[in-house]
Amino acid sequence: MISAHSVRKTYPDGQGGEARVLDRVDLEVKAGEFVAILGRSGSGKSTLLHILGGLDSDYQGEVQLGGTLLSGLSDRQLAKFRNRQVGFVFQAFHLLPNLRAIDNVLLPAFFSSRPDAEADRQRAQLVLARVGLLAKSERLPSQLSGGERQRVAIARALLHGPKVLLCDEPTGNLDEHTGAEVIALFRELHREGLTLLAVTHEERISAAAQRVLKLEGGTLSDLGTGGNGH
Amino acid sequence: MTARSLTRLVLLGIRRDLGGTLFSAFGVCIGVGSLVFFVAFGLGVARIIREKIFPVDRAMVEVAPPAISVGSFGTRLDQERINRLAALEDVAAVYRKMNVRLPALSRYEGAFFGAQLRMRVEVLAMGVDAALLGKEARLSPFADPPPGQPIPGIVSTRLLEIYNKSFAPPRNLPQLTPTLVLGFTFPVEFNSSMISAPLAGEPIHAQVQVVGASDHAMLAGITIPLETAIRINRAAHVDADTFTGATLLARSVDRVPHLVAEVKKMGLKIDDPDRQYGETVGVAVMLTTSAFALLSGLICLLAAANIAHALSTSIGSRASEIGIMRAVGGSRADIRSLILAEAALIGLVGGGVGTLGAVLFGRALDAASQAYLPPFPFKPETFFQYSWEVTVGGIALGVLAALVGAYGPSRRAAAIDPAQVLAQ
């Protein structure tokens, strides 16, 4: 499902040189896998996630997701890829504050090349029901709890039935209880066959994952199976 | 992104910051409104000058002999030269004109449309070909009358306007219309004057009857048939062979410049004071209104700058919103389109309201002018010309100003790195 080879990423270090964040990273994630990547803050986890999801195209190496080779895609092609193939879940939820929950979930549909208002709305209601928030679909983000906001963000990521859910510290802004609820939701989605890749520094997500990797010094190392490993 | 999705996102974005949007639209509204107002005012006043004060038929060219024309040494505008003018390729018709070349005086004492009038006034008379003004003669044919019959005369409609608005009111004289003056007959003594010495010979007594009114008639005088002017000049033993001028009707307005060049080649001059006055005053009006329009254009530029600033600030605070739009499938072009479309809507609303305000303000001024301004010559029903080009142009300018202001911010918004803003 995900195949990354020799991915390298550098940033200017502010002193005329370059800081290497990712150094020849190789990664293979099979369809239906739940993989957690652990690492300290600033280790490059989010950078790797953005590269895998087509948000960051300034890197060296080769990345394929769902059979699509990302390098060489135009901005418009990458946008279409993000719209259809992947779903992002972020630590800060990134809901639009002036949109109701259902409209936030529908946001990817605004950028679809073939929108179908009625079908999109039905699908939005379906994914909101899937995350247990259909009853609160008319509420603004400010009227939802942190856990509910993250579940709206997950519903948004699921709208177009992505091949992979890419999660960046998805429980970082949640308390233990609501974080556990979100992780439980990830496990359910995984059981239903969705491929999940979560970058985190939290052990409880790695406990839910099938496989755990560690990003350190710009390279990935396998920490073996997680708590959900078979 | 489809147009429908773009529209929905634009409306959502505007609803999010309605106050800022209205402020930006207000700037466009003021700029466009004042611009439309001044342009419409300039066009309206120019039209009054062109059509009422100095009416000029653009296909007509007034020709006169050069100022210095002594006998056979100068260029005389005689029949032979008239024939040469008529033979020019661009000329459709030639209408000859000859002044009565002796002074004339009118002494009138009697009834004047319900009032009593006593006047002595110097009279200028000019004869013109019946083909030029004949159709304006509504009472009797515009031709040299038989002995004992009054001379048919055509008065200037502009003279009537000046009389009605400036001369008559302070003297409690009645208002005259082109129809009312038909049939008015007054005496004229040719070869008689209060201010200059008459020529040798006796005065020629005649009656002139007004048979019509026309924009093309002599402004400060009476226009009579050409044959009558020739007859009076001949009777007074003054030049009755050369013409004072001629009006050429060009085959098309486009050919007028070429025709003018041909006329000048023949040693004749173009003598068109109305056109010159009209153009001069028109230019003065247009310069004045252009200055105001320029000021309004500057307001539009300020509005564009305001939009640029407001959008730049807004984009700074919307960075994560733009980032998430990119993450869920928005391309750089989509983001650019979104910002430009928001600005276009601001410009459309601001430009539309500004244009509507300018039209309504103009109407209010016209109504106030009719109600409160005293009558004056050529007072129009409207001072404004709100053509569709002006109104549509105003709205388009509003959109353009907003788009100009939004261009930079839209590029900055599209350049936002989603990976960077979403990681924060």
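Derivation of every value follows stated rules applied to the coordinates shown; laboratory data play no part. Just so you know, these numbers come straight off a predicted model, no measurement behind them. For neighbour counting, all protein chains shown are included, and Cβ atoms are generated from backbone atoms with ideal geometry for every residue, glycine included.
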Report the extension gain between A:S145 and A:R114 in nm, rounded to one decimal, defined as 0.36 nm multiplied by the number of residues separating them, less their alpha carbon distance. 7.9 nm
Nothing charged except the Cβ atoms of Lys and Arg (+1) and of Asp and Glu (-1): what's the magnitude of the dipole of the protein assembly as shown about its Cα centre? Round to the nearest 20 debye. 560 debye
Which order do B:E321, B:E51 fall in if you start with the one that has the fewest other Cβ atoms within 10 Å? B:E51, B:E321
Shielding by partners, peptide A:53-63 (average Cβ within 10 angstrom, other chains): 2
Name the shape class, rounded, prolate or oblate, that the alpha-carbon gyration tensor gives for the protein assembly as shown, where a ≥ b ≥ c are the square roots of its eigenvalues, rounded holds for a/c under 1.5, and otherwise prolate holds if a/b is larger than b/c and oblate otherwise. prolate
Would you compute the Debye intensity of chain B from its alpha-carbon atoms alone, equal scatterers and no solvent, and pass along log10 I(q)/I(0) at q = 0.10 Å⁻¹ to two decimals? -0.81
Taking beta carbons within 10 Å but only from partner chains, what does the mean come to for residues A:79-92? 4
Global geometry of the stretch B:134-258, whether rounded, prolate or oblate, following the gyration tensor of its Cα atoms and the 1.5 cut on a/c: oblate
What is the order of B:F23, A:F186, fewest Cβ neighbours within 10 Å to most? B:F23, A:F186
Restricting to the stretch B:60-271, compute how many DSSP beta bridges are antiparallel as a %, nearest 5. 75 percent
Residues whose modelled amide H sits under 5 Å from the amide H of B:V208, counting only those 5 or more places away in sequence or on another chain, are B:I151, B:F186, B:V188
Apply the a/c threshold of 1.5 to the C-alpha gyration tensor of the stretch A:76-174 and tell me whether it is rounded, prolate or oblate. oblate
Per DSSP H run of at least 4 residues, take -39500 (n - 2.57); add these up for chain B, divide by its residues and hand me the 222 nm value, nearest 500 deg cm²/dmol. -17000 deg cm²/dmol
Give, to the nearest whole percent, the P(r) tail of chain A beyond 32 angstrom, counting all Cα pairs. 17 percent
Answer in debye to the nearest 20: the dipole magnitude of the stretch B:60-271 about its Cα centre, from +1 Lys/Arg and -1 Asp/Glu charges placed on Cβ, is 280 debye
Which helices of chain A meet both criteria: a Cα extent of 20 Å or more along the helical axis and a mean Kyte-Doolittle score no lower than -1.0, with helices taken as whole DSSP H segments? A:176-191
Label-to-label distance, nm, for residues given as A:K30 and B:L295 (7 Å Cα→Cβ offset): 7.9 nm
So the FRET efficiency between B:M194 and B:L302, C-beta based with R0 = 56 Å and rounded to 0.05, is 0.35
Just report the Cα centroid separation between the stretch B:1-37 and the stretch A:157-224, whole Å. 42 Å
What residues qualify as long-range amide H neighbours of A:L213, i.e. H under 5 Å apart, gap of 5 or more or another chain, H built at 1.01 Å from N? A:A36, A:I37, A:L38, A:L223
Residue by residue through the stretch B:307-319, which ³J(HN,Hα) values in whole Hz follow from phi under the Karplus form 6.51 cos²θ - 1.76 cosθ + 1.60 (θ = phi - 60°), with glycine and proline marked x? 5, 4, 5, 5, 5, 4, 5, 4, 5, x, 7, 9, 4
Using R₀ = 22 Å, calculate the FRET efficiency as 1/(1 + (r/R₀)^6) where r is the Cβ-Cβ separation of B:T280 and B:S387; round to 0.05. 0.40
Sites B:E89 and B:A67, calculated FRET efficiency, Cβ-Cβ separation with R0 30 Å, nearest 0.05: 0.65
In sequence order, calculated HN-Hα J values of the stretch B:110-124 (Karplus, 6.51, -1.76, 1.60; Hz; x Gly/Pro): x, 6, 9, 6, x, 10, 9, 10, 10, 8, 10, 9, 5, 10, 9
When the Kirkwood hydrodynamic radius is evaluated over all pairs of different C-alpha atoms of the stretch B:60-271, what value in angstrom, to one decimal, is obtained? 18.3 Å
